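Let me begin by presenting the structure, written as structure tokens, before commenting on it.
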Amino acid sequence: MNIVFMGTPDFAVPSLKRLIGEYNVTAVLTQPDKPKGRGKKMAYSAVKEEALKHGIPIYQPIKIKNDVELIQTLKDLKPDFMIVVAFGQILTKEVLDIPKYGCINLHASLLPMYRGAAPINWAIINGEKVTGNTTMLMDIGLDTGDMILKDEVEITNNMTSGELHDILMVRGADLLIKSIEGIIKENIVLQKQPDETFYAKMLDKDLANINWDMSSREIHNLVRGLNPWPIAYTDYKGERMKIYETEALEEKTSMKPGTILDVNKNGVKVACKENVLIIKKVQFPNGKPLTIEQYINGHEIEKNIVLG
């Protein structure tokens, strides 16, 4: 079974490892190297790092749809499947038609909900209790192909998008193997996707600015959904306070949303439009993330200040 793998970030690495263990991965496609860190040194993608360990040929097209030579190389490889996991480029019909059995995509949501770039984050931001992975046979639409298999995962009350990401990336590898075997053995019935969806658009830093005129639950979900990036924040006395961890309390208040009600070692209580939020872990400029207990050991957070 010859496989061409397309993927880029950490999320794709467990899938690549499993495929290498089960089949003959003849080529890996990943995004071009990018400058990273303060020194802006060129860095490999996580998938490239893994492929190099196994001596698999690596291709890094700027845009695969314009790379005539690479498309011909893929045709010459005669893959049975092309497997796509967070590759980051749109595939044309010419590319999708290359493999014998088709292109399988692993997507980190229960399709048709949360098509798009940031399904893990938006599921948490929107307060979903369940999400999961879906495999599909790709077509020219954006995450619109016929569904192969699904795997559900519970989202607990305090789970961050980083924690959910790590669960889904491991379980996604298993789902891919089951999907490949099911298609080969012809014991899976593909399901067409309905048109209705919530599109999980890319995250941006503007989204991270907390609007205190929301409920404590909505803000708690936003904080979880934006951890580990871009991290929700608010303004405290002219300084940016990044917020890493919170808890939504069933506590009423008549104070203006954003007002600091109390500060103790357990956290900072803040009035919201509905109920109260307790902030448990923060980071100020030039500092590192600290629990409130750690932070107030050497710094003051004043009551009655209105966060903005």
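The values are calculated or read from the model by the stated rules, or taken from the named source; none is laboratory data. Here the structure is a predicted model, which means the values were calculated and not measured. Don't worry about glycine lacking a Cβ; one is built from the backbone with ideal geometry, like all the others, and counts go over all protein chains shown.
Any residue at all in the stretch 144-162 that's more than 14 Å from Ile125 (Cβ to Cβ) and in a helix (DSSP H, G or I)? The answer is no; no qualifying residue exists.
Residues are listed down the side, and each one gets a yes or a no for (1) modelled with pLDDT under 95; (2) in contact with a helix residue (DSSP H, G or I) (Cβ under 9 Å, 6 or more places away or on another chain); (3) in a strand (DSSP E or B); (4) of a type in the set (A, V, I, L, M, F, W, C):
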residue: Pro257; (1), (2), (3), (4): no, no, no, no
residue: Ile260; (1), (2), (3), (4): no, no, yes, yes
residue: Val263; (1), (2), (3), (4): no, yes, yes, yes
residue: Val270; (1), (2), (3), (4): no, yes, yes, yes
residue: Ile279; (1), (2), (3), (4): no, yes, yes, yes
residue: Val282; (1), (2), (3), (4): no, yes, yes, yes
residue: Gln294; (1), (2), (3), (4): no, no, no, no
residue: Asn297; (1), (2), (3), (4): no, no, no, no
residue: Glu302; (1), (2), (3), (4): no, no, no, no
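The listed residues are Met113, Met82, and the only one of them that is in a loop (DSSP other than H, G, I, E, B), touching a residue at least 24 places away in the same chain (Cβ under 8 Å) and at negative phi turns out to be Met113.
Within the stretch 203-215, restricting attention to residues that are over 21 Å from Glu163 (Cα atoms) and not aromatic (Phe, Trp, Tyr), the residue that is surrounded by the fewest Cβ atoms within 10 Å (Cβ to Cβ) is Asp206.
Yes/no per residue for (1) farther than 18 Å from Pro9 by Cβ; (2) out of contact with any helix residue (DSSP H, G or I) (no Cβ under 6 Å at 6 or more places or on another chain); (3) outside any helix (DSSP H, G or I):
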residue	(1), (2), (3)
Glu50	no, no, no
Pro61	no, no, yes
Glu69	yes, yes, no
Lys75	yes, yes, no
Lys100	yes, yes, yes
Cys103	yes, no, yes
Leu106	no, no, yes
Trp122	no, yes, no
Glu128	yes, yes, yes
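Which residues, counting only those in the stretch 209-230, are more than 19 Å from Val306 (Cβ to Cβ) and of a type in the set (A, V, I, L, M)? Within the stretch 209-230, just Leu226 meets the criteria.
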